[in-house]
Amino acid sequence: EPMRELFGLKNIEDQLKDMFNLKEVIVVSGDSDELAWVKKEMGRATVGCINQRIDTNNIVAVTGGSTLAAVAEMMNADSKELNPLFVPARGGLGEEVRNQANTICAKMAEMAKGNYRLLHLPDELSEDAYLTMMEEPKVKEVLNLIRSSSIVIHGIGEAFTMAKRRQSSSEQLETLIESEAVGEAFGYYFNENGEDVYKVRTIGLQLDELKNIPYVLAVAGGSSKAKSIASFLKKGHVNILVTDEGAARELIKGS
Ligand code: G3H
């Protein structure tokens, strides 16, 4: 704590809390765009946050991405007597294996000595496949678990970085350009005002279901992501933010 005071991080956290009406903000020092260990520190801080809030038999839903992978790396067995169950927030096959929600979910369960359930579905589905899969008993079962989560931990991406990483079509990229998308979370894309401008057809947690989940913890950092982070925070779904100094300072500047 004394170090945080020294670098003025406490003050930045309070400012962000007010700006985006959040319950808690943790800012780790440094900028993860420049230094890889900063992402690991965000991971460590996120795990601390989870362990403070998790209760017996809680379900924890997680998204994909390299930031969430860093959270999984830092997970520990502090909560093992609590028997946590980890589930992916949505299907995510298509991304690199180590960045997929399923992989992260299984890793977290292993590290925390909990259990996990997986969703073996592509990130994006055709309408036919979507309707068929939604009727599958196994899919329905996991979807019900996802919707009963006590905590959801998710990343926020820069819109075009995410669209390219997910091999979006040129039409999709065109739509994102026209709608001036800046951020992405849960397969939804947002503009600077926090309006959702595009959505990938995906099975899993939908934006309007977030209001039923007690703790929505966003973890995202790097000065280059500030606009993306702001676009999603403006939606008002998030109540806890873990970020880094690089993003935090830009967020305050941009306000
Ligand atoms: O949805 C957002 C992305 O999963 C964020 O990915 O943590 O690798 O930047 P990242």
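Read the figures in this text as sums done on the coordinates, not as results from a lab. Please read these numbers as outputs of a predicted model, since none were measured by experiment. Virtual Cβ from ideal backbone geometry, glycine too; neighbours counted across all protein chains shown.
Tabulated results
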| read-out | value |
| --- | --- |
| FRET efficiency for VAL97 and ARG4, using Cβ-Cβ distance with R0 set to 41 Å, rounded to 0.05 | 0.70 |
| Protection-proxy order for peptides 129-141, 210-222, 162-174, each taking the mean of Cβ atoms within 10 Å per residue, highest first | 210-222, 162-174, 129-141 |
| Proximal lysines to LYS253, defined as alpha-carbon separation beneath 17 angstrom and excluding residues fewer than eight positions away on the same chain | LYS10, LYS17, LYS225, LYS227, LYS234 |
| Charge dipole magnitude, Cβ of K and R +1, D and E -1 - the chain, Cα centre, debye nearest 20 | 600 |
| Residues whose placed amide H lies under 5 Å from that of TYR198, excluding near-sequence neighbours | TYR189 |
| Nitroxide proxy distance, nm - points 7 Å out along Cα→Cβ at GLU24 and THR161 | 2.5 |
| Per-residue HN-Hα couplings for the stretch 238-246 [Karplus 6.51, -1.76, 1.60; θ = phi - 60°; Hz; x = Gly/Pro] | 7, 10, 10, 10, 10, 9, 10, 4, x |
| Fully extended contour minus Cα-Cα distance, from ASN11 to THR132, at 0.36 nm per residue | 38.5 nm |
| Local electrostatic count at GLY246 - Lys and Arg +1, Asp and Glu -1, tallied over other residues with Cβ under 14 Å | -3 |
| The stretch 183-251-the stretch 46-65 distance, computed between alpha-carbon centres (Å) | 17 |
| Among ASP123, ASP14, ASP31: highest mean-square fluctuation, GNM of the chain, C-alpha pairs under 10 Å | ASP14 |
| Percent of beta bridges antiparallel (DSSP, the chain, rounded to nearest 5) | 30 |
